[in-house]
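The values are calculated or read from the model by the stated rules, or taken from the named source; none is laboratory data. Predicted model only: the values in this text are computed from it and were never measured. All Cβ positions, even for glycine, are placed from backbone atoms using ideal geometry, and neighbour counts span all protein chains on display.
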Amino acid sequence: MQKLQDIVEPLLIWYQINKRELPWRKDKEPYHVWISEIMLQQTRIEAVKSYYTRFMRELPTIEKLASVNEEKLLKLWEGLGYYSRARNLNKAAKMIMEKYDGKMPTTYEQLLHLPGVGEYTAGAIASICYNEKVTAVDGNVLRVISRVIGSKEDVLLLETKRKIEQKLRDIMPTQSGDFNEALMELGECICFPNGAPTCDKCPMNKMCIAYQKNLIEDIPVRIKKLKRKNETKTVLVMITSEEKIAIEKRINQGLLSGLYQLPNAEGDLNENEIKELLKDWGLSVKRISYLKKAKHIFTHVDWEMDCYLVEVESENGKFMWVTKEELVKKYPLPTAFQKVIK
Ligand code: SF4
């Protein structure tokens, strides 16, 4: 324990000198921290910056977020993926308006009851904004601490996470927000997950067991059990002579629910099968040409897409026919389909 306690001071000093200037770090406003933490789940910091700035311009307050319509919200989220995060933000904002008079809850326990706010996010907001002595342990922190203490326990197990949280609780300083942020920052900027960490720049290198014993390649241990699914799809970019593109709304449940999509069918269809399908949809075809193969990776499934450009005689009632400009401005199209259009 004494050993882990030794990381606190050098880490806090390192953070004060090296922390990056980020749009959401200009103040410790809980709304700002909340939105940035939700955006940063599964997304790189560099990619989040512009989304965050646009989001705050359009929805600068909890009140605005609570009353935004879904179409606009999903459009602001377009490209970030995991759209349930955006919907949960809206639900949580409504709850804050009703239950907390429009002000962010101020304790870890209260934050944890907001839709979409898990232990990590509640810990981050409570410690950064209110200095509550709670942990905020994500993959970065698990990696850093596992390396420092030389732990070969599987970081994908809840049991391992709980042990690390306890160790951190035992050494948590009064500046809990800075300490938690310092660990995350070090995980992102120095103690990289893939490729060599830059240990010579690390403030903890003298006490890090993985570094001292040359175990960096072996730690953290991650034993994966997840089986990935592969799905093949035929995706059609259907376009009229007035350059209107066909889209449709996905059903309101499951993957990418409620977003828009390009017409598509399961499986790898050949041209004749595509023509049959178009006939069933009541469309007369001028020309079909092969566009490309595209791939999109979700959490549990990979989509392999064969994409065709289909020039049609005229619109039908089955789909929505929109201009390219409308598609860009108005309709949230998941990244998987944007790849096709690009
Ligand atoms: S010394 Fe290297 S491996 Fe250890 S915590 Fe620092 S960056 Fe990570």
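Do you know which residues across the stretch 186-216 are among the charged types (D, E, K, R) and within 8 Å of the ligand (Cβ to nearest atom)?
K201, the sole residue that qualifies.
What single numbered condition from (1) more than 23 Å from K64 (Cβ to Cβ); (2) modelled with pLDDT of 95 or more fails to hold for E188? Just one mismatch for E188, condition (2).
For every residue, the table says whether it meets (1) at positive phi; (2) surrounded by 10 or more Cβ atoms within 10 Å (Cβ to Cβ); (3) in contact (Cβ under 8 Å) with a residue 40 or more places away in the chain; (4) hydroxyl-bearing (S, T, Y).
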| position | (1), (2), (3), (4) |
| --- | --- |
| N214 | yes, no, no, no |
| E217 | no, no, no, no |
| I223 | no, no, yes, no |
| A246 | no, yes, yes, no |
| Q261 | no, yes, yes, no |
| D268 | no, yes, no, no |
| E271 | no, yes, no, no |
| V301 | no, yes, yes, no |
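Table: residues versus (1) in a helix (DSSP H, G or I); (2) outside the structural domain of A126 (by TED's automatic domain parsing).
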{"residue": "R162", "(1), (2)": "yes, yes"}
{"residue": "D178", "(1), (2)": "yes, no"}
{"residue": "A182", "(1), (2)": "yes, no"}
{"residue": "P193", "(1), (2)": "no, no"}
{"residue": "P203", "(1), (2)": "no, yes"}
{"residue": "A210", "(1), (2)": "yes, yes"}
{"residue": "I223", "(1), (2)": "no, yes"}
{"residue": "T234", "(1), (2)": "no, yes"}
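Filtering I219, I274, I247, I239 for residues that are among the aliphatic types (A, V, I, L, M), within 16 Å of the ligand (Cβ to nearest atom) and at pLDDT 90 or above leaves a single hit, I219. Return yes or no: is V134 crowded, with 17+ Cβ neighbours inside 10 Å, more than 16 Å from the ligand (Cβ to nearest atom) and either in contact (Cβ under 8 Å) with a residue 12 or more places away in the chain or farther than 18 Å from Q5 by Cα (or both)? Answer is yes for this residue. Residue count for the stretch 302-334, restricted to those that are modelled with pLDDT under 90 and either touching a strand residue (DSSP E or B) at 6+ places or on another chain (Cβ under 7 Å) or assigned to a strand (DSSP E or B) (or both): 1.
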